[in-house]
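For reference, the structure discussed in these notes is given below.
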Amino acid sequence: MANAGGDTRRRFLKAVGAVAAGLALPRGGQAADAAAPAPAAQTALPRWRGFNLVDFFQAFSRGEEGAGMVAEDDLRWIRDWGFDYIRLPMDYWLWIDADWRQTRKLSPDDMNKINEGALAKVDRAVELCRKHGLHVTLNFHRAPGYCINDPGREPFVLWRDQAAEDAFLFHWELFAKRYKGESRKDVSFNLVNEAPSPRAGYMTREDYARVMTRATERIRAISPDRVIIVDGLEVGNKVVEELAPLGVAQSVHAYHPGRLTHYRAGWVDRNSSFPMPSWPLLKADGSVELDRKGLERHYAPWAELARRGIGVHCGECGCYNKTPYSVFTAWMRDVLEILKGHGIGWALWNFRGTFGILNSGRTDIAYEAWKGHKLDRELLRLLQGH
């Protein structure tokens, strides 16, 4: 999970502790179908294993040289190390032709002005993933009207404002047309990142189901065979039973418990108030607060969903680099074993960076020098084994 601000931080902690339809032609110039019937229920997903690449994660770096350019070496190494999956969390501000610094002043029309040069970088990422035999999931980490990271920067609310919902549908139609020619074996869509906890006056379960259903219908009218993934409620922790009949897959995020995975992460542990974590996690009196059995109970609804033949994937997992390494790896091993036992794949957040296997900035491990980077070989082996 990336930096999250304000009330969203508190909701995250609560959750993890407890318009022009023809604007863009598909790649290759194919015309979009006028309509297509909804397919039968989506079968179980492959057990994809891989990483989140954060090159399109936020707009703040879009003016930097090389911003939004996936490094082909990263994809080559990921493949050579035995993985088969990339999740690409993206910020829609990157490809709208408007100034992201003035996002609170965006008009509905601004949200639909497209910068083709920026989208060409996404095209390149998709092509490189295909070249290296990696399935890529395109995710709207920041979508029109919603982001787990400081949603107040959006001028509209996706769950309440028609302008935001219309823009959300417009952008997914844009992607459906653009990648219609890509095989479902190569490209899938993850509609939104880390749905919030339902609460009065902001978003109900019915609101979430409505928006996800409408987006799915729009995509299937253009690309009926596309694999579509919907994140769980409460920051990816809770199954969305209302969407089970829709034939979409669902994504869980493995950051439970938050005071272990985000220890000293400033956007969550804002006042450095979390106690030093252990695994199993202990209460102040030394009794066990959470252990492997507790994790198994936490993931049981997701295992049941998978047992019913509904696709389940763990779109994000990992620990911030301040969590003691021995605690992180012990917890991570249990999480991976539980997911593997239920046939559920996963994507580590991230590949390079403070949660990753390259250049994670930990001070309590010995790195291996790797082609100009610092490689966490122990974590790599743990991931390869699961």
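So here's what we get for this one:
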item: Distant-in-sequence amide H partners of Val136 (H built 1.01 Å from N, under 5 Å); result: Ile86, Val187, Ser188
item: Karplus-derived 3J(HN,Hα), 6.51/-1.76/1.60, for each residue of segment 250-256, Hz, glycine and proline x; result: 10, 10, 9, 10, 9, 10, 9
item: Gain in span if fully extended, Lys293 to Glu378, counting 0.36 nm per residue against the direct Cα distance; result: 28.1 nm
item: Student exercise, the chain dipole from Lys, Arg, Asp, Glu Cβ charges, in Debye to nearest 20; result: 520 debye
item: For peptides 349-355, 307-313, 290-296, sequence by mean Cβ density within 10 Å, most packed first; result: 349-355, 307-313, 290-296
item: Estimated dipole of segment 106-213 in Debye, rounded to 20 [Cβ of Lys and Arg +1, of Asp and Glu -1, Cα centre]; result: 460 debye
item: Paramagnetic reach from Arg184 in segment 239-256 [backbone N under 16 Å; point 7 Å along Cα→Cβ]; result: 245-250
item: Whole-Hz ³J(HN,Hα) from phi, Karplus 6.51 cos²θ - 1.76 cosθ + 1.60, for segment 45-57, glycine and proline x; result: 6, x, 8, 4, 9, x, 9, 7, 9, 9, 5, 10, 5
item: Amide H contacts under 5 Å for Gly345, placed H, 5+ residues apart; result: Trp48, Cys314
item: Normalised alpha carbon radius of gyration of the chain [divisor 2.2 N^0.38 Å]; result: 0.94
item: From phi via Karplus (6.51, -1.76, 1.60), per-residue ³J(HN,Hα) for segment 372-378 in Hz, x at Gly/Pro; result: x, 10, 9, 9, 8, 5, 5
item: Which of Leu358, Leu336, Leu246, positive extreme of dipole for the chain (C-beta unit charges); result: Leu336
item: Centre separation in Å (Cα based) which lies between segment 361-379 and segment 155-199; result: 36 Å
item: Counting DSSP beta bridges with both ends in the chain, the antiparallel % (nearest 5); result: 25 percent
item: Backbone N under 18 Å from the Gln162 label point (7 Å along Cα→Cβ), restricted to segment 71-111; result: 107-111
item: Too-long pairs where the Cα-Cα distance tops 20 Å, listed order kept, from Lys283/Lys340; Lys322/Lys374; Lys322/Lys371; Lys113/Lys177; Lys293/Lys322; Lys238/Lys293; result: Lys283/Lys340; Lys322/Lys371; Lys293/Lys322
item: Only Lys, Arg (+1) and Asp, Glu (-1) charged, at Cβ; segment 297-344 dipole about Cα centre in debye; result: 60 debye
item: Most to least packed among 122-134, 80-92 [average Cβ atoms within 10 Å]; result: 80-92, 122-134
item: Dipole of segment 158-309 [Lys/Arg +1, Asp/Glu -1 at C-beta], most positive-end residue of His262, Phe170, Ile219; result: Ile219
item: Estimated FRET transfer efficiency when R0 is 22 angstrom, pair Lys113-Met69 (beta carbons, to 0.05); result: 0.50
item: Calculated FRET value between Asp364 and Asp84, using beta carbons and R₀ = 25 Å, to 0.05; result: 0.25
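All of the numbers you see were taken from the coordinates with simple rules; none came from a lab. Here the structure is a predicted model, which means the values were calculated and not measured. Positions of Cβ are backbone-derived with ideal geometry, glycine not excepted, and every protein chain shown enters the neighbour counts.
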